[in-house]
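The values are calculated or read from the model by the stated rules, or taken from the named source; none is laboratory data. Treat the numbers as computed from the prediction; the structure is a model and nothing was measured. Counting neighbours? That spans all protein chains shown, and the Cβs are built from the backbone with ideal geometry, glycine included. Surface accessibility is based on the protein's heavy atoms, side chains included, excluding ligands, DNA and RNA. Shrake-Rupley method; radii C 1.70, N 1.55, O 1.52, S 1.80 Å.
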Amino acid sequence: MEFTPIAPIRPLFDTTEAQPGQSVESTGASMFANVFQSAIDNVRQTNATQVDLEYKLATGQIDNPADVTLAISKAATAAELLMQMRNKVLDAYNEIMRISL
């Protein structure tokens, strides 16, 4: 009977991007910040698109009013995603704080 070894656990993200002298923890923190920054940028971008299309609809410069509805839905979904991410992070932080050492 032949046994095959279990493959080692690989990280989800490549941590070799750290600069010399930069610790892995600070790289992880910057990845975490990048995820939230991209979510915030997405909310800003979708909101700006929504406002622009609403303005064009109000001034009669748009041919397809369905584009406005789609932009509103995208902006609402992006904002909801950001709020849910924030809530999950706060829940995780509160759980960590409850751990007694």
Rounded to a whole number, what % of the accessible area of the stretch 33-101 do carbon and sulfur atoms account for, probe 1.4 Å? 59
Selected from Val68, Leu90, Ala58, residue furthest toward positive end of dipole (the stretch 52-101; charges at beta carbon): Leu90
